[in-house]
1. Do we have any residue at all in region 75-87 that's more than 19 Å from Leu23 (Cα to Cα), among the β-branched types (Val, Ile, Thr) and assigned to a helix (DSSP H, G or I)?
2. Take the residues in region 182-233 that are closer than 19 Å to Gly143 by Cβ, over 17 Å from the mean Cα position of the chain (by Cα) and of a type in the set (A, V, I, L, M), then tell me which one is farthest from ligand 1 (Cβ to nearest atom).
3. From (1) of a type outside the set (Gly, Ala, Ser); (2) away from ligand 2 (no atom under 16 Å from the Cβ); (3) closer than 25 Å to Arg298 by Cβ, pick out the condition that doesn't hold for Met227.
4. Limited to region 50-67, what total is found for residues that are of a type in the set (Gly, Ala, Ser) and either surrounded by fewer than 17 Cβ atoms within 10 Å (Cβ to Cβ) or more than 15 Å from ligand 2 (Cβ to nearest atom) (or both)?
5. Kindly indicate the residue of region 160-186 that is more than 15 Å from ligand 2 (Cβ to nearest atom) and among the small types (Gly, Ala, Ser) and also nearest to Pro77 (Cα to Cα) among those meeting that condition.
6. Pull up region 97-143, narrow it to residues that are over 19 Å from the mean Cα position of the chain (by Cα) and within 11 Å of ligand 1 (Cβ to nearest atom), then point me to the one that is surrounded by the most Cβ atoms within 10 Å (Cβ to Cβ).
7. Hey, could you check region 144-159 for residues that are surrounded by fewer than 18 Cβ atoms within 10 Å (Cβ to Cβ) and touching a residue at least 24 places away in the same chain (Cβ under 8 Å) and say which is farthest from ligand 2 (Cβ to nearest atom)?
8. Which residue pairs have Cβ atoms closer than 6 Å, lie 6 or more positions apart in sequence or on different chains, and pair a first residue in region 264-282 that is of a type in the set (Ser, Thr, Tyr) with a second residue that is at pLDDT 95 or above?
Amino acid sequence: METEHLTPDQLDRAVELLRRGGLVAIPTETVYGLAADGTNPAAAARIFEAKGRPQDNPLILHLLSVDWLPRCCGEIPPAARTLAGRFWPGSLTLVLPKGNHVPDVVTGGLDTVAVRCPDHPVARALIEAAGVPLAAPSANRSGRPSPTTAAHVLEDMAGRIDAVLDGGSCTVGVESTILDLTVSPPRLLRPGGVPLEELRAVIGAVAVDDAVLRPMAAGERPRAPGMQYRHYAPKAPVTVVRGAPDAAAAYIEARLSPSAGVIVFDEWAARFAGYATQTIGSVEDDREQARRIFDALRAFDHTPVTEIWAMCPAGDGLGLAVSNRLSKAAGFHIVDGEEEP
Ligand code: TXA
Ligand code: MG
């Protein structure tokens, strides 16, 4: 299969492919998604095949607006409308009771469904023209860093999908925040583009699922099935170094082998001159770090580095999402840079 590279003025072609049960990678504000008609079980099934994704890992349905909720959900709790009013369109995914019409393949057999309204003009125009919820996971091969450009999508998916709709670079850069509203208190299943602090400011108590902060033990099942898999992994093994940035940089410097790569905040880049480095923005700028983290992880795959050391943001704001993606890329191989060498 040849993958078509479509520009936003070729929306009609993208809609035609979706109507035929095809797979089209689409830009969203978070990361690129691999879209199929969410009402067509055969099309949704092709997503799992193209990504090499386990069947029990459910997909997010992408809606045009909160008015579409009754098309996919059973009971809609008041908090869902409050949160949608505040954060949609945007990087917040809500887990709600599943409606009867949603194909089981989309929800991996669960009785809940994940939904969000993306905040990207191309994604919104496509959903509107298609007239159906679009099922879309991130458009990477399963286990790989999520794609934030059309080129990233093609790196993983060329020849496996019908088309990529090129909308440029994603402005948020990490996936949506996932909030489960079917439990009390609501539970954060994945940190993402909407910070936890903002959710708490709107609805009060929000619990944080264990899978956000630590690896799952054998046999343990997180509420977001996707959180159990090693994810976001570049080819070389990653070690995350936590703690004050000066201490973390010193810790890494003391251990660098000539073939190592480093993920570093801008302020400390000069210290690693001569090594393969990827900068992710200022230590103060969590938005920039989010925009650049997946590109940094992917970039090392084009170099001969044999190991990767990563400085890591503190866990507030978007830093919680960046730190979570780095920790998962490292398989939770995390050390404390403030510990004595
Ligand atoms: O920003 C995003 O959310 C992107 C863009 C394309 O919208 N999509 C995305 O999809 O990240 P994906 O499939 O890569 O991640 C979805 C996560 C998985 O961890 C999955 O297990 C979880 O959402 N999920 C989906 N439905 C769920 C449900 N009913 N209950 C709990 N977790 C669910
Ligand atoms: Mg994904």
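The values are calculated or read from the model by the stated rules, or taken from the named source; none is laboratory data. Here the structure is a predicted model, which is why all the values come from computation and not from measurement. Quick reminder, even Gly has a Cβ in these numbers, built from the backbone with ideal geometry, and neighbours come from all protein chains shown.
1. There is at least one residue in region 75-87 that is more than 19 Å from Leu23 (Cα to Cα), among the β-branched types (Val, Ile, Thr) and assigned to a helix (DSSP H, G or I).
2. Filtering first and then ranking leaves Ala218.
3. Failing condition for Met227: (2).
4. The qualifying residues number 2.
5. This residue is Ser184.
6. The qualifying residue surrounded by the most Cβ atoms within 10 Å (Cβ to Cβ) is Val102.
7. Checking each candidate, the answer is Gly159.
8. That search, which allows pairs on different chains as well, returns Tyr275/Val262; Thr277/Val262; Thr277/Val264; Thr277/Ala269; Thr279/Val264; Thr279/Asp266; Thr279/Ala269; Ser282/Asp266.
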